[in-house]
């Protein structure tokens, strides 16, 4: 499984959230590396990972951080790969600070931001990006959408069975 | 210029904001179509555009809307292409409503959200996504980053010249 | 009991909240159907339910969803029946995102929004709407208001009995 | 034109916003009375208007107020007709205070809240409510939806004509 | 103990918060009545209590309510006594809605608002108001301030004793 | 005209807002002193004014400040007179910072907070407080309330005259 | 260990948060005094501590408080030493009120604000300030930064070891 | 005038705000360099400036940026000098995003944050930090505080002269 996605997170305490991204990517057969790397504590490591990401074979970066979440922005500054930002809910503001710090990037340096704690959606977005040039992934995404629909329909039918009919 | 990006916006009044995306894409030689299409007023058109987007040759969708901004979500529901959401500042909340309505998508249906009014960044993000499978665009993005850096450095030097040297 | 109200919710996990609406409607003798149906995962089902709602005999729609809550808006786009939106508290923003996504609809497509988690009020609002042409329901609403007042007065008297009279 | 809708507003300075509701109702042939009436300055008038609304022939109430907007709530307390609340943007908080004061009603007393300054949507919501028992209005709403769609499509086509076809 | 303060609250579930006000008033020898009374469920009772408050011997009103907290405003509309509003934290917004609904009153109808859940401060504010014409209460307030200072100083000294002196 | 109210403000630039309080007090025949005095720039002056306020004959303090508005709190710390806080809208947060800084006082030190920029209400609240022991002011407040009601009713009638009667 | 830092907090209940600052300072060999002292309950003590701080040998003040957090501002008003403000999360607003009350100081009286509950960062900021004139501390800060980086790198390596290699 | 302060800003458009800092520093005889330097567009320049700041003779860094303001954080990551962050009001959120992005730093990397647009306070805070080891600056700060107090007192007296003495 070729590792096309680089997942970076500001702290290993973010892993329980980001594990969903790893799992989701794996369901699409997309490999990833997961690295702990801080915009503030290891800026040199972050810069090195970011600036070498494309030539190391990655195609998408997912960056997760909480509070004044700068990690996605730092990566976006040093790679031309698309960077997906995942604001992590932590501290007194429960992720609103991380959302603003991730999404409100100045012109020139975009971060593709998903919802607070949206690690699963980050993985799906990465797969969608990869599907631009990968028909197989496009097919899988179609199947995924279909199975989500089926799951909702099944839940609907289950509920109909449980509700009093009159 | 092949039209790889589909830009949709909820109202033609959003065009002055989105024109920056058109211009930015053109600077990278990336063609786009721009369509007015409302999640609420023309849901059928939106659905048709979204569900046919991939086979019509588009590779990325950019969706811009204000207030309870559902357009990006509606597109994300009906295509497997990556959808970039641009929250538009309008009305009493000045775009915070649009940001929340765009970014806080439920698991399974991601929207790659940029900052409020971030049309230029939406275009750059689209180019980054396309660059996954297009070495030429990757090169251009490198050049773009370099020229942004040069512009900042030039401004810095200009400022040094203007400040009293004491 | 004729089913005049269609309750839709984005996820079966919303049912514990929406059950209060079902119960409240039943107390007025108003029947309802409850459907799980997602604006994003089953847009076709949502569209079909919405566009057929009036001719299927429904008179009011109640739509409940959390986060970037688009369900009420999607229904409002495809039916001319009044649509009541219930923002559900979920995720890091605890329903503020759902409130903004539900209430800040663009001109032309109203959603009658109640408070966050306000399922009981959604049911009462539906009954009020039905009472426009149903004297019996208007009477029942009068009785309901009277019994609410009595309950408050009883609580007041109970409290007077419990407080030290000095 | 029978006056089925009672529009109340906390101040005559709100009339420029609420005039859109009057105009919109008139386009559907729905008459209305517009009254200035304050929850705080003329509570007795408000109570009298509210408690007599149904027997005076009104079928829907629209209440508009800014800041700590209590008017819709005060009406909802004293009538069993559906009350639509329009938060008005005024003062330092630009309507967020009015939105919260209008929508976050306690269980038992619903207010059908539309977006900040959403007077046009308030009118449409009133028409939808009236359409429950008025096939003619239901037809008109269908036509209204169709003409909104046509307007969006026309704007889209106009834009296509203006954009460089390259 | 003459009952100079009327405490009203929207629900008996607010009593655990408001009990602190009762206790605080009692420490100053100020009597009070506590009434459950809803702006929305028993508007007539509220109006009657408010409009008769002064001639029934009350000198200050304290009104506590949550969510779209209208109770203080409704009292302020119908009495010329000073009305102190206590926003109660309840529901998804944890009292921010109640704060805005209480404090942002339109010109002409003031509510003396204390912090969210600030029942103790409401009592002290009532005593301060009563002290305008009651030298004895002014003295007691002086003593209260002194004892608060002493308590802080004692805590400071205790902490000094516990910290390592090194 | 005896000066019963002390108005303090953090900056003379707040005077245009606070002038409304001076005018409103004068209409009730209540005199006031207006002082510029900063919690941060002249803390000693603030402390002296506050701690001497009662014996200098004042009965109520009104304190107005913007941003991290500490002035009301500083006065409340050093007097047992009731202190009314007026949050002033200034700077990037437009008064929300001042509101929170004024109203969220810790237990023991209440500030009677009015809405952002609510100088007129501050004056009325002061008069209400003074009316506790001044029957004449209570009468005037009754008249004031009556004239406010009349003004609203007059505006209502004027509007009725202007609207098309059809 | 010379006591160069004065830590003040509004309540002894803040000590569990501020203890991290004490510990962090101690790791740099910087001594501190910790005082309980309230802007509102013991303003005289606060003023005395603040105005004597420099000549008592302190070089930096750290002030922690919650809600309408005035303590840092009060200290900043009466000393020319740098004052670091730590907003404490408490009450219904969870520290957002304290953040605004601490950081939004008017021109002339700065408070160096750290994040909500950021006691450890307050200590580090104090050490950085002291390092301006203390080469030894500058060295230690370099070591601290290096050890933080090493800790992140170690966590990264540990994670690599735990993740499935394929 | 030795240049002890390094002012960096994300864009030359921030200079009108930051000029106040330059002027304020000059009034204390403290020299500074002003550099345009972007966390995202010129990360290498930022890193170089930051990591060399101390040995280049700077003693304090002031970093100003808007939106997802990472500049202060990036500097704090690469220097052990104290870094003062100035959130700039720009874009749809008017500086709240910049405030959160600047102040909510993770443990280990403090930024001394001043209010939105608080460039003058940033300069004063820098002078306070420098005064730790510079008696002369401490004296000047005392004089500055005294002159601020005098200015307020003068404004107060001017106002007394202008108000009607009755």
Inset, instruction - Among the residues of segment B:29-41, count how many are surrounded by fewer than 19 Cβ atoms within 10 Å (Cβ to Cβ) and out of contact with any strand residue (DSSP E or B) (no Cβ under 6 Å at 6 or more places or on another chain). - result: 1
Inset, instruction - Can you tell me which residue among G:63, G:77, G:123 is in contact (Cβ under 8 Å) with a residue 60 or more places away in the chain and in contact with a helix residue (DSSP H, G or I) (Cβ under 7 Å, 6 or more places away or on another chain)? - result: G:123
Inset, instruction - For residue G:104, work out the one condition from (1) touching a strand residue (DSSP E or B) at 6+ places or on another chain (Cβ under 6 Å); (2) crowded, with 24+ Cβ neighbours inside 10 Å it doesn't fulfil. - result: (1)
Inset, instruction - Enumerate the pairs (first residue in segment E:131-152 and more than 7 Å from every other protein chain (Cβ to nearest Cβ); second residue anywhere and at pLDDT 95 or above) with beta-carbon separation below 7 Å, excluding pairs fewer than 6 apart on the same chain, so at least 6 apart or on different chains. - result: E:137/E:28; E:137/E:127; E:137/E:130; E:137/E:131; E:140/E:28
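Matching residues to (1) assigned by TED's automatic domain parsing to the domain that holds residue B:20; (2) crowded, with 24+ Cβ neighbours inside 10 Å; (3) over 23 Å from residue A:77 (Cβ atoms):
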position: B:88; (1), (2), (3): yes, yes, yes
position: B:94; (1), (2), (3): yes, no, yes
position: B:109; (1), (2), (3): yes, yes, yes
position: B:119; (1), (2), (3): yes, yes, no
position: B:125; (1), (2), (3): yes, yes, no
position: B:153; (1), (2), (3): no, no, no
position: B:156; (1), (2), (3): no, no, no
position: B:164; (1), (2), (3): no, no, yes
Legend entry - Condition met for residue C:41 (under 27 Å from residue B:46 (Cα atoms) and not in a strand (DSSP E or B)): yes
Inset, instruction - Keeping to segment F:3-55, report how many residues are within 24 Å of residue F:147 (Cβ to Cβ) and over 15 Å from the mean Cα position of the chain (by Cα). - result: 1
Legend entry - Which listed residue, of H:34, H:22, is modelled with pLDDT of 95 or more, facing chain B (nearest Cβ under 9 Å) and assigned to a helix (DSSP H, G or I): H:22
Legend entry - Subset tally (residues that are farther than 23 Å from residue G:115 by Cα and within 12 Å of chain H (Cβ to nearest Cβ)) for segment G:37-57: 5
Inset, instruction - Only residues in segment E:6-17 that are more than 20 Å from residue E:50 (Cβ to Cβ) count as the first member; pair them with residues that are in a helix (DSSP H, G or I), Cβ under 6 angstrom, at least 6 apart or cross-chain, and list the lot. - result: E:17/E:119
Inset, instruction - Provide a single number: the residues in segment A:90-111 that are within 12 Å of chain B (Cβ to nearest Cβ) and in contact with a helix residue (DSSP H, G or I) (Cβ under 9 Å, 6 or more places away or on another chain). - result: 15
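The values are calculated or read from the model by the stated rules, or taken from the named source; none is laboratory data. If you're wondering where the values come from, they're calculated on a predicted model, not measured in any experiment. No Cβ is skipped: glycine too gets one built from the backbone with ideal geometry, and neighbour counts run over all protein chains shown.
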